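First up is the structure itself, then whatever we jot down about it.
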Amino acid sequence: MNASVLPLANRTPLCYSINSPPFQYHPTIASAYFSSVFTALGLVSNLIAFGVLLKSFWRTHSRSRSFLIFLGGLVVTDAMGLLVTGSIVISFHVTYFNWRRLDPDCHFCNFMGMSMVFYGLCPLLLGAAMATERFIGINRPFARSASLPERRTISMVLTVWLAAGCIAALPLAGVGSYHMQMPGSWCFFNIGSQGSDLAFSLLFSLVGLTSLAVSFLLNTVSVVTLVKVCCGQDRSQRHRDQEVEMMVQLILIMVIASICWCPLLVFIAQTVLSGGPLRIRYLLLWLRFATWNQILDPWVYILCRMAILKRIYPRFHWPGGSAAAAYPSFRHAVRRFTRSSLGSSLGPDEAHKSNVTPPSTLKPCPLHPVAV
């Protein structure tokens, strides 16, 4: 029955104005098995990653902890997103509760819609923040050491959460609206092509795509800088342990987020701009693609670490504790740069000896005269 012909006291709430339960359930579209497996797998993965991150945090030098703090924020966000949204979906598939009886005022539906938007945008925004941190750490290391202490990094993570929360709360202020979605197990913002629904749909899509674009741009510049430092003519510049390892992890996080989220973000923008009807099957398909992001993210750090790679490929010649050790020319260039900074002058014979002497027999050069 149309909501406009109902008495005022019996008007259909806004969140049920498009799709009103009860529905005809189709197990081929949504199933408890799919939701349970994905939720359990994601929670276990993020729990393992959090334990590994916590262990690494206390063993890592203080200047390298900023990246671990961002990763910790990403793991916590992914785990909470799976726990909140997954528990609601699984409960529905197990009990098939009536949303209108349980939530006549749409509070529960609005909460789930906000959770979907919040936990969807947070990983993308955190990826852009991590790319910014790595960009500063590689291209402006001394500015980073002064401007990005651990407390400020934590503040950046909290700022990302606050920004995502503000965007998720916009439908409650009238910009967009949260609605029950088919097949009746979840709530999301209305992907419409009119008024505030159009504005919020484009906002969600553009924020996500912009975050991915920023991550791609900054990560590309950071990779080019690392290649120049390690292999180019300016390879006498500063280099720190674990830079390459962290960049590999960040690039994999960006690639996974792009593969998982771009189809959904582009689908939303294309649907509202074309003005065509919402194709629910494609929406559910791309939403499941996005769910994989929360499952695959933690495994990037669990597997892509030097200690794990040494076990997987023990015959490969791994650098001994520093990325600079993998590039002998870079190591010798740094040594020459250090000696010139100290005012040392070596003769040709001494220079020849220093080049053929094994690194284990070289006396370490004092670094304090060149510290900034």
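Take the conditions (1) in contact (Cβ under 8 Å) with a residue 60 or more places away in the chain; (2) within 14 Å of Gln181 (Cβ to Cβ); Gly73 misses just one of them, which is (2).
Scan Leu71, Leu121, Leu125, Leu83 and give me the residue that is surrounded by fewer than 20 Cβ atoms within 10 Å (Cβ to Cβ), assigned by TED's automatic domain parsing to the domain that holds Val207 and not aromatic (Phe, Trp, Tyr). Only one candidate passes the filter, namely Leu83.
The sole residue among Cys122, Cys109 that is touching a His at 6+ places or on another chain (Cβ under 9 Å) and at pLDDT 90 or above is Cys109. Restricting attention to the stretch 221-242 and to residues that are surrounded by 14 or more Cβ atoms within 10 Å (Cβ to Cβ) and in a helix (DSSP H, G or I), the residue that is modelled with the highest pLDDT turns out to be Val221. Of all residues in the stretch 269-306, those satisfying the criterion of being without any contact (Cβ under 8 Å) to a residue 24 or more places away in the chain and among the hydrophobic types (A, V, I, L, M, F, W, C) are Leu285, Trp286, Leu287, Leu303.
If only residues of the stretch 247-277 that are farther than 13 Å from Leu209 by Cβ and among the hydroxyl-bearing types (Ser, Thr, Tyr) are counted, the one that is surrounded by the most Cβ atoms within 10 Å (Cβ to Cβ) is Thr271. Which residues, counting only those in the stretch 86-109, are crowded, with 19+ Cβ neighbours inside 10 Å and of a type in the set (D, E, K, R)? The answer is Asp103, and nothing else.
The values are calculated or read from the model by the stated rules, or taken from the named source; none is laboratory data. Nothing here was measured: the structure is a model prediction, and the numbers come from that model. Note that we place each Cβ from the backbone using ideal geometry, even for glycine, and neighbour counts take in every protein chain shown.
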